[in-house]
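What follows is a set of notes on a single structure, which appears directly below.
The values are calculated or read from the model by the stated rules, or taken from the named source; none is laboratory data. Given the structure is predicted, the values throughout are model-derived calculations rather than measurements. Neighbour counts are summed over all protein chains in view; Cβ atoms, including those assigned to glycine, are modelled from backbone coordinates with ideal geometry. Accessible surface is based on the protein model in full, side chains and every heavy atom, while ligands, DNA and RNA are left aside. Shrake-Rupley method; radii C 1.70, N 1.55, O 1.52, S 1.80 Å.
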Amino acid sequence: QVQLVESGGGLVQPGGSLRLSCAASGSISSIYAMAWYRQAPGQQRALVAAITNAGNTHYPDSVKGRFTIARDNAKNMVYLQMDSLKPEDTAVYYCNMDPPTSRYWGQGTQVTVSS
């Protein structure tokens, strides 16, 4: 059973950048699609980026052009590069499969965008 550990969050000013990392304890090469999700206080968890094994990506309009997802199956890693961050990007960020599997939710990593 794969465990996912997110890291790389922090406090950043509006317009800044962060790179999140998701380390899997096992192989992700057989997982068709991996994704990043976020949950802000009082809101439901929502997908912010997804990537297939073929490298096809999907982003909602709210982050398109600012976020970039990548995966390295050899290293069992998934990344999320976040640029031009806005206060509304503040949330706890999680990685999981797409669609998500409940037993793979980790602790997430907090991203706070504030001046």
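Residues in segment 64-115 that are small (G, A, S) and farther than 23 Å from S25 by Cβ: G65, S84, A91, S114, S115.
Which ones in segment 49-90 are assigned to a strand (DSSP E or B) and either open to solvent by 50 Å² or more (accessible area, probe 1.4 Å) or touching a His at 6+ places or on another chain (Cβ under 9 Å) (or both)? Spell out the reasoning first.
Let us first name the residues in segment 49-90 that are assigned to a strand (DSSP E or B), namely 49-52, 57-58, 67-72, 77-82.
Those that are assigned to a strand (DSSP E or B) and either open to solvent by 50 Å² or more (accessible area, probe 1.4 Å) or touching a His at 6+ places or on another chain (Cβ under 9 Å) (or both): A49, A50, I51, T52, T57, H58, T68, I69, Q81.
Tallying residues that are closer than 27 Å to P14 by Cβ and acidic (D, E) within segment 67-115 yields 3.
In this structure, Q39 does not qualify as without any contact (Cβ under 8 Å) to a residue 12 or more places away in the chain and either among the hydrophobic types (A, V, I, L, M, F, W, C) or closer than 18 Å to Q110 by Cα (or both).
Reported count of residues in segment 3-20, each being under 17 Å from A35 (Cα atoms) and either surrounded by 15 or more Cβ atoms within 10 Å (Cβ to Cβ) or in contact with a Cys (Cβ under 9 Å, 6 or more places away or on another chain) (or both), is 8. Note on segment 25-46: among residues that are at pLDDT 95 or above and under 16 Å from R71 (Cα atoms), the one that is surrounded by the fewest Cβ atoms within 10 Å (Cβ to Cβ) is A33.
The residue that is farthest from M82 (Cα to Cα), counting only those in segment 6-17 that are under 11 Å from the mean Cα position of the chain (by Cα) and not charged (D, E, K, R), is S7.
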